[in-house]
Amino acid sequence: MPLVVFNQKGGVGKSTITCNLAAISASQGLSTLVIDLDQQGNSSSYLLGEAAQGDHANVAGLFEHTLSFSLRPLDPADYIVETPFENLHLMPSSPALDELQGKLESRHKLYKLREALQKLSERYDRIYIDTPPALNFYTRSALIAARGCLIPFDCDEFSRQALYTLMNNVQEIRADHNPDLSVDGIVVNQFQPRANLPRRLVQDLIDDGLPVLQPYLPSSVKVRESHEQSTPMVYLDPGHKLTQALLALHEAVEAARAV
């Protein structure tokens with residue numbers, strides 16, 4: 001059951017949430033895969049560190065294979081690399097995604113990622129997909145391929161305004177391409193409980209009937225250290241308050257997906 005982490009606004013914590021939820025799944029013994037569709041490659045850098053810049057298999061190779069005529073059947077596993085963390089694998093990003101996008105769109109390859117994930121779902125218990133901060137070919141491909149999506153929300157008024165458009169976009173993809181797609185929840189990130197604005201913005205979402213997940217993820221400088229060391233929080237500092245919030249969020253996401 002692939003899960004997409006998606007928001008058209010940048011800087012809301014998509015890669016951080018993707019990698020930390022995936023790391024928790026892996027730490028609990030689940031065979032877990034992260035697919036990094038954002039050409040910026042933040043999830044790839046988070047999980048591989050400097051090795052992310054190396055010459056290795058990546059997601060661009062998978063899409064390139066769909067553009068070429070080959071007698072060799074596509075094996076999505078060929079584009080996956082191991083991470084330093086047990087049970088956690090990665091299909092890394094690549095700068096080549098940008099130049100490939102036009103070719104993929106013109107040749108109507110929107111469903112190829114779904115076909116690949118159907119094969120990978122036989123190998124992995126959990127698949128998390130990090131997406132670009134735009135509703136482009138790769139994001140649409142991911143939403144068409146997924147059973148659920150999480151929407152990070154960073155307690156900003158502009159984010160709140162954009163959230164309703166984003167929800168409509170997801171519903172349109174559900175209606176046109178993927179009836180199994182659901183919004184599993186809105187993840188409140190960088191929440192400051194003592195500030196009035198974040199509390200009011202989140203309450204507005206709840207009052208509007210949107211699926212806001214508990215707990216809210218607190219602001220923490222520790223996450224920057226986590227990025228710098230390329231080590232998700234569950235491995236870096238299991239007892240930290242942010243780690244505990246992420247563990248509880250993971251449990252909430254698992255419960256939402258089980259419904």
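The values are calculated or read from the model by the stated rules, or taken from the named source; none is laboratory data. Keep in mind it's a predicted model, so treat the numbers as computed, not measured. Ideal geometry is used to build each Cβ from the backbone, glycine not excepted, and the neighbour counts take in all protein chains shown. Ligands, DNA and RNA are excluded from the accessible area calculation, which covers all protein heavy atoms including side chains. Shrake-Rupley method; radii C 1.70, N 1.55, O 1.52, S 1.80 Å.
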(request) Could you identify the single residue in 245, 258 that is closer than 28 Å to residue 47 by Cβ, open to solvent by 40 Å² or more (accessible area, probe 1.4 Å) and not hydroxyl-bearing (Ser, Thr, Tyr)? (result) 258
(request) Might you check whether a residue that is surrounded by fewer than 24 Cβ atoms within 10 Å (Cβ to Cβ) and either touching a Ser or Thr at 6+ places or on another chain (Cβ under 6 Å) or part of a loop (DSSP other than H, G, I, E, B) (or both) occurs anywhere in the stretch 17-25? (result) no
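Looking at the stretch 14-31, which of its residues are in contact with a strand residue (DSSP E or B) (Cβ under 8 Å, 6 or more places away or on another chain), within 19 Å of residue 189 (Cβ to Cβ) and not basic (Lys, Arg)?
Narrowing the stretch 14-31 to residues in contact with a strand residue (DSSP E or B) (Cβ under 8 Å, 6 or more places away or on another chain): 14-15, 17-19, 21-23, 25-26, 30-31.
From what is left, the residues that are within 19 Å of residue 189 (Cβ to Cβ) are 14-15, 17-19, 21-23, 25.
Those that are in contact with a strand residue (DSSP E or B) (Cβ under 8 Å, 6 or more places away or on another chain), within 19 Å of residue 189 (Cβ to Cβ) and not basic (Lys, Arg): 15, 17, 18, 19, 21, 22, 23, 25.
With respect to residue 230, determine if the residue is in contact with a Pro (Cβ under 9 Å, 6 or more places away or on another chain) and at positive phi.
Values: in contact with a Pro (Cβ under 9 Å, 6 or more places away or on another chain): yes; at positive phi: yes.
In short, yes.
Looking at the stretch 27-42, which of the residues that are touching a Phe, Trp or Tyr at 6+ places or on another chain (Cβ under 7 Å) and open to solvent by less than 10 Å² (accessible area, probe 1.4 Å) is farthest from residue 91 (Cα to Cα)?
32
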(message) Which residue is farthest from residue 126 (Cα to Cα), if the candidates are limited to the stretch 43-89 and must be surrounded by 16 or more Cβ atoms within 10 Å (Cβ to Cβ) and of a type in the set (Ser, Thr, Tyr)?
(response) 66
(request) Please enumerate the residues belonging to the stretch 183-235 that are among the aliphatic types (A, V, I, L, M), farther than 15 Å from residue 152 by Cβ and open to solvent by less than 40 Å² (accessible area, probe 1.4 Å). (result) 195, 233, 234
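So how many residues does the stretch 188-224 have that are part of a helix (DSSP H, G or I) and under 17 Å from residue 21 (Cα atoms)?
To start, the set of residues in the stretch 188-224 that are part of a helix (DSSP H, G or I) comprises 196-207, 222-224.
Adding the requirement that they be under 17 Å from residue 21 (Cα atoms) leaves 222-224.
Total satisfying the criteria: 3.
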(request) Find the residue count for the stretch 47-71, including only residues that are among the hydrophobic types (A, V, I, L, M, F, W, C), over 20 Å from the mean Cα position of the chain (by Cα) and in a helix (DSSP H, G or I). (result) 2
(request) Check off (1) at negative phi; (2) touching a residue at least 24 places away in the same chain (Cβ under 8 Å) for residue 49 and give me the number that stays unchecked. (result) (1)
(request) Could you list, in sequence order, all residues of the stretch 86-144 that are closer than 30 Å to residue 159 by Cα and either among the aromatic types (Phe, Trp, Tyr) or free of Cβ contacts under 8 Å to residues at least 24 places away in the same chain (or both)? (result) 99, 102, 111, 128, 137, 138
(message) Quick check on the stretch 174-187: of everything there that is acidic (Asp, Glu) and outside any helix (DSSP H, G or I), which residue is nearest to residue 111 (Cα to Cα)?
(response) 180
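List the helices (runs of 4 or more DSSP H) inside the stretch 91-173, counting only whole elements, that have at least 1 residues being β-branched (Val, Ile, Thr) and buried (at least 23 other Cβ atoms within 10 Å of the Cβ). Spell out the reasoning first.
Values: elements: 96-106, 112-120, 137-145.
In the stretch 91-173, 137-145 are the helices (runs of 4 or more DSSP H) which contain 1 or more residues that are β-branched (Val, Ile, Thr) and buried (at least 23 other Cβ atoms within 10 Å of the Cβ).
For the stretch 226-259, which residues satisfy the criterion of being part of a loop (DSSP other than H, G, I, E, B) and at pLDDT below 95?
259
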